[in-house]
1. Can you list the helices (runs of 4 or more DSSP H) found entirely within region A:1-109 that contain at least 3 residues being at pLDDT 80 or above and more than 8 Å from chain C (Cβ to nearest Cβ)?
2. Does C:Arg116 fit the bill of being within 14 Å of chain A (Cβ to nearest Cβ), of a type in the set (Lys, Arg) and either surrounded by 22 or more Cβ atoms within 10 Å (Cβ to Cβ) or not in a loop (DSSP other than H, G, I, E, B) (or both)?
3. Show the residue pairs that are 6+ apart or on different chains and have beta-carbon atoms under 7 Å apart, the first residue being within region B:255-266 and within 14 Å of chain C (Cβ to nearest Cβ) and over 15 Å from B:Leu176 (Cα atoms), the second being in a helix (DSSP H, G or I) and among the basic types (Lys, Arg).
4. In the set A:Leu273, A:Leu231, which member is over 22 Å from C:Ala203 (Cβ atoms), within 13 Å of chain C (Cβ to nearest Cβ), touching a residue at least 40 places away in the same chain (Cβ under 8 Å) and surrounded by 19 or more Cβ atoms within 10 Å (Cβ to Cβ)?
5. Determine whether C:Ile459 is within 14 Å of chain A (Cβ to nearest Cβ), hydrophobic (A, V, I, L, M, F, W, C), touching a strand residue (DSSP E or B) at 6+ places or on another chain (Cβ under 7 Å) and at negative phi.
6. Return yes or no: is C:Arg270 buried (at least 24 other Cβ atoms within 10 Å of the Cβ), away from every other protein chain (no Cβ under 11 Å) and not hydroxyl-bearing (Ser, Thr, Tyr)?
7. Of everything in region C:445-461 that's buried (at least 21 other Cβ atoms within 10 Å of the Cβ) and not β-branched (Val, Ile, Thr), which residue is nearest to C:Ala15 (Cα to Cα)?
8. Does B:Gln298 qualify as being polar (S, T, N, Q), more than 26 Å from C:Ser330 (Cα to Cα) and more than 19 Å from the chain's Cα centre (by Cα)?
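The values are calculated or read from the model by the stated rules, or taken from the named source; none is laboratory data. Predicted, not measured: the structure shown is a model, and the values here were computed from it. Using ideal geometry, Cβ is built from the backbone for each residue, glycine included, and neighbour counts are taken over all protein chains shown.
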Amino acid sequence: MFRTKFRVLRSHGIQYIKRLDEAALPEIFRGRPVLTDPAEAAHPGDPQNGDAPTHTAGGDDISGPGACNGSTTRPGMTPGELAALCPTGAITATPFSLDLGRCLFCGECARRAPHLIRFTNDYHMAANDRRALVITPQTTALTPDPDLVRREITRTFGHALKLREVCAGGEGSTEMELGASMNVNFDFGRYGIDFTASPRHADGLVLTGPFTENMARALELCYEAIAEPKLLIVAGADAISGGLFAGSPAIDRRFLDRVAPDLYLPGNPVHPLTFIHGVMALTGRPFTGKKRKR
Amino acid sequence: MEGIISLTLLVFLALLMPGVVNRTRAVMAGRRGVRFFQHLHNVGTLLQKGAVYSPSAGFIFRAAPAVCLGATFTALLLLPFGTHGALLSFNGDVVLFAYLLALGRAALILAAMETGSSFEGMGAAREALYGALAEPALLLTAGTLALVTGQTSFARIFASAGSLPPQMLIVMGLILYVAIKLIIVETGRIPVDDPRTHLELTMVHEVMVLDYCGADLALLHVAEWLKAAALATLAANAVASAFAFNPLTVLALALAQAAAIGVVESLQARNKLARNATYILTITALAFVVFMLAYVLQQNITIG
Amino acid sequence: MENFTILHNGSGPVALHSIPCTDYAPFHARVAGRLAAGCHCAHYFAIPGAGDTLIVFAVLLDDTAHTVLVSAASVDPETAVPSLTALYPAMHPFERDIAETTGLRYTDMPWDKPLRLAHDRADRTRTVDNYPFYSIEGEALHEVNVGPIHAGIIEPGAFRFICNGERVLHLEIALGYQHRGVEKLMTATGNRLRQAMLAEAIAGDSSVAHGRAFAAAIEQLGDAPASNAPALERTIALEMERVAMHLADTGALCGDIGYQLGQVACEALRTVTINTTQRWCGNRFGKGLVRPAGTWYPLTPEIVELIRHNMTDVKRRYGEVSANLHATPSVLARFEDCGRLDPAQAASIGAVGMAARASGLARDLRASHPADAYPELGHTPVTEEAGDVMARLNIRCREVAQSIDHILALLHEASDGGTAPPAPDLERPLMPSALAVGLAEGWRGEVCHVALTDATGRIAHYKIKDPSLHNWLALALAVRGEGISDFPICNKSFNLSYCGHDL
């Protein structure tokens, strides 16, 4: 028995990512998109100044060999066509914008209109203002606004934060990524953040899923069971806006009319780094060094 | 004066032990792990939070955390730390020690039953059973120490411990082993219970505190640390008294016990709940064997 | 076989008018006859027909003949009809769903309980708050209620235990909290991309499996050339999803028994696996990888080498973890003889996939109805006999090794060259008034999507079956007689999907 334990420990070694603030995701990861104003965008077919989509691996040009129908792979869709294509209606044609609260990061818009939209691998996408999630050609970065954070949050939760996760219709991938934030690689426990079993022990609620009608009451009861001060985080496109399920009669999102979230985390699913960076920014912690007094 | 030093060292140990256990587990898992004093930050945050009481909670529920902490703290007053004597000492205080710890547990069990939740009821039933099965082990351990030194007060047991013959080191070593197991049972660690579990159906100790929040929960956490420190100091005193009886050795032995618990938690799975009763009875049986061994060794000495 | 349309997996759509549609009584008899002969039911549903009638469809799988059998019946919803569940308990989720959504009454339904409390259910007085749990009277036994919100980071569902002290006598599982209305949303849109993403969102941990079933149904209806389907990419993606989830489950099982070493080792291995998927397609769960008639993420030499390197590493390290689990007495003491589902029970409730294979029932679409690259792999299902938690863990350990062997074999073929698959085709028109069946063997079990088009070629009905629909009852049976504190590991050993069941 000890020989097998030794082998596992030896292969396992040290697993944690040492500097989470310097972690980078591969180029192909679809993170924060960068939009170009349609009036200024290069004509499709002009030499791309670094705007080529990063996800057609193997160097396949979207209009190159192997394409079957011209309409499927015609480059250079207009904003209006993109708005019709988007599965959740996240793209608005005028003014040209992309709502990260609805975006499922499928990347189809960037494939069809590489001159207008490009997804970077920047996972910093947390925001505490719903309107800040609407990306425009002027958006350069996305980070929670410290002035909007309630004072008691930074004061109370600077060193220890216990969260309770409630899934209200989530399909499971964001829940698994939240669980992965606790694992040996991401290990957000090092910052004093933890998920807890009881709402009475929790300082805040993390919600995933579009909020089904059948979960509406259970959700309210759980939120009320948490002692003040408490915070509310909504994780994933489904939770922020209903995602693919917005408009379904099986959904009941009135909870969000009564309680305003403190943090929005886009993603499909939310990447653990997005979650960790978002919570750290919300509670005002630096990744290294001492907490700054505010 | 001596007593105050003992108490200070005990509380200091209580604040260090959770950190040592967590750090050991983190190293064995290859993760960065929580900060060493994260448990203090958690309690600090809890003290700033408000309280939410369910409608079925009565005065037992509200009083239990204070009773638990008070009883555990009073038990600490009876323990010496190395050569420093205890604050309180009288004949038979070994029994009072055991029953003060039991009083803390009883308060929590009653509070858990008052909430009317089926989980908490189950957890309370389990805790009551394990407490009842483990109590003989604690009393037998204290009894062994009383037997070999002829004293019935902790302060006097350890004061005269320096004069024991070297054979007693075996007995003290076994007492250390039983004490580590007792700490595991009393503080609910693997293999008896998993303090990090989120599964209410499998909880023993954690489910009883499931309905507490804010300052109440903070008091209960502190009570847990103090209890672990008390039992560890008891064993560390016993072993140290056989070779090098000074506070530094006692501190080192107590922290070594914490590290051992951390290693056990990393490499072993927890028992099926149905097997826990047998596991705890085994510890009690071992404590009985230790008692008999001490008796036999002592008889040899008087005859030979 | 009279009165059944016989298909093979992926053989193409069937015109609706060519499916034998009779009265209910002969339909009931022939479906019962096929079930008696050893077929199992992939799907069984009702759609509105002409006038006020209902058309009930049965899609059965014959594992020995490798065929798919389709038949239909026309029913007057005002009359009560005999139930198949009374003869074959395995039909219960389908008939309960039909009763719930259409209001059709069965004369002898043994278990008339709500299935998922869909928003379009016929009886709106039934809600999640008044689910009719089986209850006892008297003082000797007690009831424990768990849920709907569970303590961990997991989906909601209600469990009602009837216990004698610590021993569970009976468990009833009430789901429906995750119901989002996926099937209705599928038919409400004409945007094929939106439909593909809805398919992937049925159960996030089976995105590739559901995506593959959707793509197969659409490709058949769109008459896409079979050579366009990226068989290698799909098979590798499906097997990588299986590996990732088996690793996650092994780690979670270790976590639930407090065995830290197993838990952390599996967490790290799962990260390696899903990060490999992320390097391939930009998403850790493989979303976007499977689309109809093509893929945006062909296997390039760099990706092939990356997958080969990482999967070889995972296989070696997981082999060590598996050896350690089998050599640790405290782990074996928890898992062995716990949560047993015996083969007779598994067969009678129609268990599928991994849960069935752990009880000796060799149900695996990769062997019985192979498609994509499975025919050339010659897959043999992994089975165990004991049916307990240890058996389900063993299945996972062996399937990881088997899946990685499949992946490495296919990578070898991929690096031999060949044409890259085409880009996905989301605008292909669909055959009108037709039915197509899309199948996939996900890591839990068989996934079945049935798409029916109307006269204009729009998808009029889209019926989804996730393997969890069958297997939730397996959990309820397996836990009987166990201590209630062993319920979490029994639950985790099955790891069924709440959202896949509730749609």
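1. Counting at least 3 such residues, we get A:2-12, A:79-85.
2. yes
3. Matching pairs, first to second residue: B:Gly262/B:Arg25; B:Glu265/B:Arg25; B:Ser266/B:Arg25.
4. A:Leu273
5. Taking the combined requirement at face value, the residue does not satisfy it.
6. no
7. Looking at the filtered set, the residue picked out is C:Leu452.
8. yes
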